[in-house]
1. At pLDDT 90 or above and of a type outside the set (A, V, I, L, M, F, W, C): is that true of ASP91 in this structure?
2. More than 21 Å from the chain's Cα centre (by Cα) and within 20 Å of PHE258 (Cα to Cα): which single residue out of ASN84, ASN96 fits that description?
3. Only residues that are of a type in the set (Gly, Ala, Ser) and open to solvent by less than 50 Å² (accessible area, probe 1.4 Å): list them for segment 53-111, please.
4. If I ask for residues that are modelled with pLDDT of 90 or more and part of a loop (DSSP other than H, G, I, E, B), which ones from segment 28-80 would you list?
5. Output the number of the condition that GLU15 fails; it satisfies all remaining conditions of (1) surrounded by fewer than 10 Cβ atoms within 10 Å (Cβ to Cβ); (2) modelled with pLDDT of 75 or more; (3) among the charged types (D, E, K, R).
6. Can you tell me which residue in segment 81-99 is farthest from TRP290 (Cα to Cα), limited to those that are free of Cβ contacts under 8 Å to residues at least 60 places away in the same chain and either in a strand (DSSP E or B) or of a type in the set (Lys, Arg) (or both)?
7. Suppose we filter segment 291-311 for residues that are farther than 20 Å from LEU55 by Cα and either buried (at least 22 other Cβ atoms within 10 Å of the Cβ) or touching a helix residue (DSSP H, G or I) at 6+ places or on another chain (Cβ under 8 Å) (or both); how many remain?
Amino acid sequence: MPSDAQTAVSPAPAEDTARGERRRARRSRRYRWDVRFSPYALIAPFFLFFVAFGLFPLLYTGWASLHRVELGAPTEMEWVGLRNFSRLLDDDFFWNALRNTFTIGLLSTVPQLLMALGLAHLLNYRLRGSMFFRVAILTPYATSVAAATLVFVLMFSRTDHGLINWGLGLVGIDAVDWQNGDWTAQLAVSAIVIWRWTGYNALIYLAAMQAVPHDLYESAALDGASCWQQFLHVTVPSLRPTILFTCVVSTIGATQLFGEPLLFSQGASPTGGSDHQFQTLGLYLYEQGWFNQHLGRASAIAWTMFLILVLIGLLNWAVSRWIRKSA
């Protein structure tokens with residue numbers, strides 16, 4: 001027969017079992033919470049910074065665009081409704097900046113993407129030192145806008161030490177006033193953009209090319225297709241989504257072009273040349289807000305640029321949908 005002491009101690013294992021079950025239940029609950037909420041905690045800093053430095057300025061700029069606000073008194077707002085937007089429709093300088101933005105974007109985007117596609121096709125072959133060439137073409141992208149633009153300013157200088165005019169003189173062509181001409185200034189600014197972004201887009205195309213199945217090239221070779229025909233009928237169709245992506249991103253970048261035309265102008269003037277010949281929307285916004293001190297009009301320009309980017313995004317969505325259906 002068990003003693004009274006043994007009878008009194010016997011419930012202890014049951015209590016230990018109950019405590020162990022509660023401990024396991026708490027651990028299981030914490031594990032479920034960790035699995036469910038940890039991803040949100042990891043991405044929360046991005047959304048906090050986005051709200052603080054992205055969403056709030058966007059909404060505040062939209063509110064300011066409906067008021068007359070001056071840089072000297074940013075808290076004193078006078079309601080004007082859509083007056084700032086309607087004034088843009090009658091502003092010749094705004095339409096000039098919009099036209100310059102479009103032409104510079106066209107002059108820089110088309111050659112840039114064509115050159116990037118060609119470079120990516122060359123790098124897709126097994127070349128010796130291919131890693132070196134991949135890093136080398138990305139070097140312009142890593143170079144600061146200020147350094148690159150100042151070098152190009154010297155290259156396109158009208159004086160005798162300008163490299164471009166020196167080269168033109170060797171073939172008997174007179175020196176060109178690159179900064180003060182309409183098309184010449186836009187070509188010079190476009191050259192800066194092409195130099196900086198061609199390598200970046202080439203690596204994007206290269207990554208997409210390496211994902212194309214080699215069976216397609218082997219089948220095309222068996223059918224007698226040359227390298228050029230393989231590029232046109234195998235590589236390019238396979239890269240259509242990537243080409244569309246780079247076109248949209250380059251268009252967005254061209255719409256926001258600011259640093260290159262600002263530093264290319266003498267004295268870093270926001271007018272974009274003596275006759276506004278290469279003033280972009282970004283420069284016009286900067287001129288209105290920080291030189292003329294009209295923050296309300298600058299906010300309206302910013303929202304106009306935002307609406308243009310929204311239209312570009314909708315066009316991208318429509319074209320992407322059409323490509324998926326055609327494929």
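1. Yes: the conditions hold for ASP91.
2. One residue alone meets the criteria, ASN96.
3. Scanning segment 53-111 gives GLY54, GLY62, ALA64, SER65, ALA73, GLY81, SER86, ALA97, GLY105, SER108.
4. Answer for segment 28-80, where residues must be modelled with pLDDT of 90 or more and part of a loop (DSSP other than H, G, I, E, B): SER65, LEU66, VAL80.
5. (2)
6. Taking the candidates together, the pick is ARG99.
7. Adding up the residues that qualify gives 1.
The values are calculated or read from the model by the stated rules, or taken from the named source; none is laboratory data. Note that this is a predicted model, so its numbers are computed, not measured. Note that each Cβ is placed from the backbone with ideal geometry, even for glycine, and that neighbours are counted across all protein chains shown. Surface accessibility is based on the protein's heavy atoms, side chains included, excluding ligands, DNA and RNA. Shrake-Rupley method; radii C 1.70, N 1.55, O 1.52, S 1.80 Å.
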